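One structure below.
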């Protein structure tokens, strides 16, 4: 599906505006000129600039006859539609099963399934999925101290 840039710019503008509004609830640090709201507001300001540029480009394309939205030709091919939906479905699967199965088994299974779905050979997909899973676990779980779900490996880790 091809959506006009003006529509995407409007959505981005609304999201960035909501982001700025939500930072008004952040607490201020006494004795400092800036607090935890500074970085999200700077980021939202950059998003607003991008949104306005997208809207200008979209309106210019609209004047030249581009529709607000149009389906791409690949939407008529079911295999490509499934390939398009595989990534959001993997995220939903992670959200549903992460606590039960744990990060390491689920991330490995999802990565392996994605590699195989998109045509990678199993002999290459297995070690890459394992290495990527361990690298992500090390980075997020150990370096960044993100509490990743342990699930089935609760007694081991």
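The values are calculated or read from the model by the stated rules, or taken from the named source; none is laboratory data. The model shown is predicted, which means the values in this text are computed figures rather than measured ones. Here Cβ is always computed from backbone atoms with ideal geometry, including for glycine, and neighbour counts include all displayed protein chains.
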Hey, can you tell me all the residues within region 116-128 that are within 17 Å of residue 85 (Cβ to Cβ) and either in contact (Cβ under 8 Å) with a residue 12 or more places away in the chain or in contact with a strand residue (DSSP E or B) (Cβ under 7 Å, 6 or more places away or on another chain) (or both)? 117, 118
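If you check residue 125 against the conditions, is it surrounded by 12 or more Cβ atoms within 10 Å (Cβ to Cβ) and within 22 Å of the chain's Cα centre (by Cα)? If you could, list the steps in order and put the result at the bottom.
Working: surrounded by 12 or more Cβ atoms within 10 Å (Cβ to Cβ): yes; within 22 Å of the chain's Cα centre (by Cα): no.
For residue 125, the condition - surrounded by 12 or more Cβ atoms within 10 Å (Cβ to Cβ) and within 22 Å of the chain's Cα centre (by Cα) - is not met.
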Report every pair of residues separated by at least 6 positions or lying on different chains whose Cβ atoms are under 9 Å apart, first residue within region 14-31 and in contact (Cβ under 8 Å) with a residue 40 or more places away in the chain, second surrounded by fewer than 10 Cβ atoms within 10 Å (Cβ to Cβ). none
Given the conditions (1) under 20 Å from the mean Cα position of the chain (by Cα); (2) closer than 21 Å to residue 13 by Cβ; (3) free of Cβ contacts under 8 Å to residues at least 24 places away in the same chain, every one holds for residue 37 apart from (1)
Considering only residues that are modelled with pLDDT under 90 and part of a loop (DSSP other than H, G, I, E, B), look in region 55-80 and name the one that is farthest from the chain's Cα centre (by Cα). 65
